[in-house]
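A short worksheet on the structure shown next.
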Amino acid sequence: MKIAWFTPLAERSAIGEFSVHVAGELAKFVEVELWASNSPPLLDTELAVVQYRPGSTELSRLAQYDAVVYNMGDYLPFHDDIHTVSREHPGVVILHDRVLHHLFAGKWLIGPDASRELYVERMRAYYGERGAQAARLSLEGERRPVWESDEEVLSYPLYEEGLLDAIGVITHSEGQADDVRARWVGPVRALHLPCYSETLHEVDGGPPPASAGPVRLLTVGHLNPNKQVHRVVEMLAADPELSAQVTYTIVGPDDGFKSYVSDLRRFVDRHADRLNVEILGWQPPERLDQLMRQADIFVNLRHPVMEGSSASLMRQLAYGRPVLCFGSGFFGELPGEAVVRVPAGDFVAASAALRELVGDRERRLRVGGLARTLMASYNERLYVEGLLELIEQSRRAAPAIGFLGAVARELGNMHVDSQLPIYDEIANDFARILSI
Amino acid sequence: MKVAIVNNQAPFVRGGAELLAEWLHDKLEEYGHQAEIVRIPFQWNPPERIIDHMLSARLIRLANVDRVIAFKFPAYYVPHESKVLWLLHQFRQAYDLWGTPYQDIPATPTGHRIREAIVDADRRYLQEAKRIYTNSKIVGHRLNLYSGMESEILFPPLLDAAPYRCEEYGDYFFFPSRITAGKRQHLAAEAMAAVASSARLIIAGQPETDEDLRRLMSVIKEHELEDRVEVIPRWIDDDEKLRLLAGARGVIYLPFGEDSYGYVTLEAFHARKPVITFTDSGGTLELIEDGRNGYVVDDVHDLAAAIDRLTEDGSLVERMGQAALDTIDELEISWDRVIGCLTQ
Amino acid sequence: MKVLVASTYVPFIDGGGRMIVRDLVRALRERDHEVDTIEIPFLSAWDTMLEQMLAIRLMDVSEAADTLVAIRTPSYLLRHPNKRLWFIHHHRGAYDLWDTPYQDIPATPEGLATRDAIVAADNLYLREARRIFTNSQIVADRLREFNDLQGTVLYPPLGAPERFVAAPAEDYVFYPCRITGHKRQQLAVEAAVKLSTDVRVVIAGAPDSPEQLRPLQELIDEHDLQDRVQLIARWISEEEKAELISRSLGVLYIPFLEDSYGYVTLEAFHASKPVITCSDSGGTLEIIEDGVNGLITAPDPSSLGAAMDRLRADPQAAAAMGEAGHRTLELKDISWDRVVASLLG
C-alpha cells in the first residue's frame, strides 16, 4: 500500500512534528510519502518529501496512491493548501482541532478571491439561519466577530467544510468523534494522540528532585487567555496560605496577546508581596526541559478546549508529573487516575485540588507515575494500527460516500429542498444496497 | 464526429421534437457525422417526479460521444464536456405558464419548492453548455428573462425543401393544419363571409376531435359558404399538400400563441406564397413581416381585407411571394447553418 | 398490449444487447403489440456505476405500458408493476469474471465495496421482476448460483433467418465474427498450419483494433498460409455473410467461454451447416452435439485442424450434420412465437 500524507512541515508546526513521528512509524508497514507545500526550512525526516503547489501537475500522481491522508488544523498558512487538495482527491482526514473556523473564515474573507457571501452561505448551509445571521452581523461589525470568540467558534466550528470530500475521519477524542458522527456519514474513529517514543526516551520521567522549598507549579505554552493563567494567579492571590507554599512559573512565548500579558504582569507586580510568580516568556529547549524536570505540578487549565488533543500535554504527562486540568475536551477522556481533573471552569474546585496536591507529595508521585505509564502505552504503533484499520474501513466506504456526495452535490446545486421526498426515496430505496 | 441528440421521451408519444430529432439525425449523417438519438424518459406527474428526472439526467454518463446536442428539460442537464443546446423549450410550467391554467405544478409549498429547484437548476446547469441555440426568438427571450442566459436563434429548416414549388397564384387560399380550436380554422371560414372578391379557401387537416370539425362546419353552414370554403377533414399526404401549396394564391395560418414559427409558414415560403397570420399567433410573427411577405392582421375583418387585396392585385402577390422565398435566405434557415452551428 | 422494451447500451457501439432489442421489438410489432423502447446509455466503469444505476432507478416509466421487458443489465432497475426480465448477462466483471483477467473492478477495498453494491442491487431489484428468462443455460445457472434466483432459458432466435439458406458446399470452413482476442481467430489460423486435407479457412469480420489483426497477418505470412487462409478483415454485410455461410462446408465458432451460443451458430443451422466449436467455448455447447449437428474439439490447433479436415474428407457426413443442425432449431423451439408468448405470458 502506498500512502500520500499531507502535512505542514514547517519547523514550528506541532502537526508537522506529529507527522514526522506517526508517518515515520507508518512507513514501517506501508510506503509513505509526505506532501508539503510550505517553503523550507522543513522539519527533519527520513521519509520522502514531495513539495507541491496547489494546481501543480504533481498532484495528478495522487490517483496512483492507495490512500491519501490529510492533516487538517485551524491555521490558515499551514492548512489552506491541504484543504484545497483534499477537495480534488478524496482521502482520510485527521482533524487536529475541534474547530476549523479560523481556517475557513480566513480562506473566504482574506485574499484576492475573498467572498463574504460564501462565508454567509456556508454558515447557513451548516448552521441554518442562526449561522447566517451570526456571519452577517460579524461581517457588518454589529457584534463581536464569531472568529474572535472561543465559545462562539465552538458553536460554529466549520470543520464540516474540511470533510466535504473525506472518506474517513480521525479525531483525537471520543467526544469529537461523536460530534463528527452526528454530522458526517462515513467512518469516524478516535485515536489517542501518541506520546512520541522519542519524547518518552529523552524526558526523564523519574520523581522530581526532593526539595524542602515550595512546591513548584508550572504552566507551559503560548501565553493566552485560553490557558486561564490569569485565573490561576488570581486564585493564588486570593489564597495567601496556598500561595505561601508554592512558586508558579509560566513559560512560553508571550508576544501574542500583548495587552493580556501586560495586564497579567501588572497584576503580578501589584501583588508581589504575596505571590511567588515568574513569567519567563520563551525559553530555549534545554532550559525548558530543566524547568519541567524541576516542576512538581503542571497546571494546564485550558478552557474552552479548541485543540483535538495536545502534544505538549503528552509531554507533560511523560515527565511523570501530575497535571491539573479541567474535564473539557480530550482532557476529560484521560483515565481519571493519571491526571487531576476538576469540572470545567470551576476554579473553586481547582483551588481545592491544588491545595490537596501541594500538601500530598505521595499523591503527586503516584499520579505522576501513572501518567508516565499511560504515555508509554499511547505510542505511535497503537496509533498507526488504528489508522490503518480506519483507512481500510474508509476505502470500503468510499464508493458509497462518493455516491452520496455526488447525489447530494447535484441536489444541492439544484437547491432541492430537503423537504422534498426525493431524499427519503433515495434513502429508503436505493441506499439499501450501500452498506455504510 | 460522434453526435448524440439528446431528447426527452414520453413513451409511445411522438411530436414535433421527435420529428426534429430524426431530421437532425439524418442530416448529421448526410453531412458525414455519426449520429444517435438518445431518448431519456421524462414523467412530470406527480410533480415530485420532476425532481427525480432532473437528478437522473445529471447522473447519466454519455461515454463514447464527441458532441451532445440537447433539446429539452430535463434531458439537457446530462453532463458532457462538449454539449450544445438547441433549446425547444424550458419547462414552461415553471416559467411563463406559472400562474396560468396550464401551470400543472400545484401552488402548494411543495409545488413552490419544485418550481424553485427547476429555476435554480436551469440557472446553474445551462451554463455548462458551450453554446445555446433556440428554435425561436420567444424561447431565447424567455431564456434570457428567466435564466439570464444569452442564446442565438437557429430556425429549424424543413427536412427537404426541394419539392416545394410555385406553379401559379390560383384563386384559393390554403390553410393546412390539424383542425382544432387552437389553430382557429373557424375564424378563417368566418372571414370568408366578409370577403368581397372571388377568393376561395381550402382547409385541410385531421380534426383533433369531432367537435372541432363540427364547429368549423357550422360556421360554414351558418354563412352559407359551402361553395367558397372547402374542408378536407383528414391527413393529406405530402404530394397532395405540395400540389395544393403550388397552386394557392396564399396561405393562411392562425394558431393562437404558438412558440415556434410553425412549419406551415416555412412550407408556404418555400412555395413562394405569402402568409396571413394574426397578431396573437406567436412564433409566425418571427418570419412574417406585415405587407412584405404576408400580412399580420388583428381580426376577421382585416383578414378578409387582406384576402381581397391579394386576390385583386396579381403583381402584389408575386412580389410578396418572392419576398417570402427571400426571407428564408435572409434568416439563413438551412441545414448548412444548423449543422455548422451545432457541430462547430 | 402496450409493451416497453428496456435496455442499456454504449452509444455508437452495436452490441448484441441492441440487436436483441431490435429483433424483439420487431417480433412484438409483427404480433400487433404496441411497442416503444427505453434505451439508456450506460458506461460500465465501476467508479461511476452506482450513480448511473440511481439514474435508471429514478426514471419513472411505471405507468407508461402494460408490461416492461428489461434486457441488458442494469435496465431492470426501472420500476414497473409488471416487469419481466430477459436477462442476457450480469455485470460479469463483478461475478464469474472476478479473479480472471477480465475482472474490470479492482480488488481494492473500494472495488470490493462496489462489487458488493452491484450484487446487492441485483439481489434486491432482480426480484422485482415477475418472470425471469435468460438467453442461455449458463446465465440461468449463474443467476441461481450468485443470486439464488430461478430463470427459464429462452433462446434468442435470429432476427431475419430467411436469408440463411443451404447451397452446395465448397472447400472452406467459415468463421464470421468480429476479430478480437477472446473469439480466438488466432487459434483458427494456427489450426490451418496443421491441416492435412486441402480445406481452406475463411475468416471475416471487423477487427476491434489494428492490434487484434496484426498477429493473424503475421502468422499467415510466417507459415505461408496465403492460399489456405482468407482473411476478410472488415465488416461484412448480412447478405455477404449469408452467402459465405451457404456455400461453406461448415461454420467455425470458437470463442473462449461465452455465455450464449452465438448468432453465428443459429445462422449456420438455418443454412443447414454444421458448426465446429471448442470444448471451452461455453454457450455453444448448449446446442451443439459432437458428431450430431457439429463437432466439439479441444481448444488446440491440432484438434481443431483435425475437425476441419474431417468435414472436408467427408462432405456427406458434414451435410448430414448440417441437416441435423436445422432440426435442432425446431427441437429446441427457438422461435419468436415462443419468445413473445413466454415474455408476455
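Here are the numbers:
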quantity	calculated
Residue-by-residue Karplus 3J(HN,Hα) for segment C:266-283, coefficients 6.51, -1.76, 1.60, Hz, glycine and proline x	5, 4, 4, 5, 4, 8, 6, 10, x, 10, 9, 9, 10, 5, 10, 7, x, x
Lysines with Cα under 29 Å of A:K2, excluding same-chain neighbours fewer than 8 positions away	A:K28
Segment A:1-48: relative contact order as a whole-number percent, Cα under 8 Å and 6+ apart	48 percent
Projected area averaged over orientations for the protein assembly as shown, convex hull of C-alpha atoms, nm²	57.5 nm²
Choice from A:L163, A:L404, A:L242 with maximal GNM fluctuation in chain A (Cα, 10 Å cutoff)	A:L404
Normalised contact order of segment A:326-429, rounded percent, pairs of Cα under 8 Å and 6 or more residues apart	18 percent
For segment A:90-149, with +1 on Lys and Arg beta carbons and -1 on Asp and Glu, the positive-most of A:S115, A:Y127, A:G141 along the dipole	A:Y127
Computed [θ] at 222 nm, helices only, for the protein assembly as shown once each DSSP H run of length n ≥ 4 contributes -39500 (n - 2.57)	-13000 deg cm²/dmol
Gaussian network model of chain C, Cα within-10 Å springs - most flexible of C:T152, C:T197, C:T277	C:T197
Kirkwood hydrodynamic radius over Cα pairs of chain A, then Stokes diffusion coefficient at 10 °C and 1.306 mPa s, in µm²/s	68 µm²/s
Computed magnitude of the charge dipole of segment A:1-48 (debye, nearest 20; Cβ of K, R +1, Cβ of D, E -1)	120 debye
Nonlocal amide H pairs with C:T134, under 5 Å, H built at 1.01 Å	C:F87, C:T152, C:V153, C:L154
Placed amide H near B:V297: partners under 5 Å, 5+ positions off or other chain	B:T277, B:F278, B:T279
For segment A:116-161, convex hull of alpha carbons as volume per residue, Å³	63 Å³
Whether segment C:178-302 is rounded, prolate or oblate, judged on the alpha carbon gyration tensor where a/c under 1.5 counts as rounded	rounded
Point-charge dipole on Cβ atoms (K/R +1, D/E -1) for chain C, about Cα centre, debye to 20	760 debye
Shape of segment A:188-339, Cα gyration tensor, a/c cut at 1.5	prolate
nm² value of the averaged projected area, convex hull over the Cα atoms of segment B:241-290	3.1 nm²
Long-range HN-HN contacts of C:Y175 with modeled amide H, under 5 Å	C:V202, C:I203, C:A204, C:L252
For chain B, with +1 on Lys and Arg beta carbons and -1 on Asp and Glu, the positive-most of B:H53, B:H186, B:I236 along the dipole	B:H53
Relative contact order (%) - criterion: Cα under 8 Å, at least six apart; region: chain C	15 percent
Cubic angstrom per residue, convex hull over Cα atoms of segment B:216-344	130 Å³
Shape parameters for chain B, alpha-carbon atoms, Rg then Dmax in Å	21.4, 63
For segment C:292-299, 3J(HN,Hα) per residue [Karplus equation, 6.51 cos²θ - 1.76 cosθ + 1.60, θ = phi - 60°, Hz, x = Gly/Pro]	9, 10, x, 10, 10, 10, 5, x
Shape of segment C:37-152, Cα gyration tensor, a/c cut at 1.5	oblate
Cα centroid separation, segment C:33-107 to segment C:196-270 (Å)	32 Å
When the convex hull of its Cα atoms is projected in every direction, mean area for segment A:14-79 (nm²)	4.8 nm²
Expected-Rg normalisation [2.2 N^0.38 Å, Cα atoms] applied to segment A:334-436	1.94
Relative pair counts by distance (%), Cα atoms of segment C:92-236, 5 Å bins	2, 8, 12, 12, 12, 12, 13, 12, 9, 5, 3, 0
Test item: Cα-centred dipole of segment B:154-230, Lys/Arg +1 and Asp/Glu -1 on Cβ, debye	220 debye
Sparsely packed trypsin sites (Lys or Arg not before Pro) within segment B:1-102, loop by DSSP, other Cβ within 10 Å at most 14	B:R14
Given 15 as the ceiling on other Cβ atoms within 10 Å, longest exposed-site-free region of chain A for GluC sites (Glu not before Pro) in DSSP loops	A:143-436
FRET efficiency estimate (nearest 0.05) - Cβ-Cβ, A:Q283 to A:A244, R0 35 angstrom	0.85
J(HN,Hα) series, segment B:74-82, from Karplus relation 6.51 cos²θ - 1.76 cosθ + 1.60, nearest Hz, glycine and proline x	x, 4, 6, 7, 3, x, 6, 6, 10
Euclidean distance between Cα centres, segment A:259-310 to segment A:29-70, Å	37 Å
Acute angle (nearest 10 degrees) that the helix A:116-139 long axis makes with the longest principal axis of chain A, alpha-carbon atoms	70 degrees
Cross-link pairs beyond the 19 Å C-alpha cut-off, checked among C:K2/C:K332; B:K72/B:K241; B:K2/B:K27; B:K2/B:K137; C:K83/C:K332; C:K194/C:K273	C:K2/C:K332; B:K72/B:K241; B:K2/B:K137; C:K83/C:K332; C:K194/C:K273
Cα lying deepest toward the dipole's positive end in the protein assembly as shown, options B:V195, C:Q52, A:S13, charges on Cβ	A:S13
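Quick note: the coordinates plus some simple rules give every number you see, no bench work behind them. The structure presented is a predicted model; accordingly, all values stated were derived computationally and were not measured. Ideal geometry is used to build each Cβ from the backbone, glycine not excepted, and the neighbour counts take in all protein chains shown.
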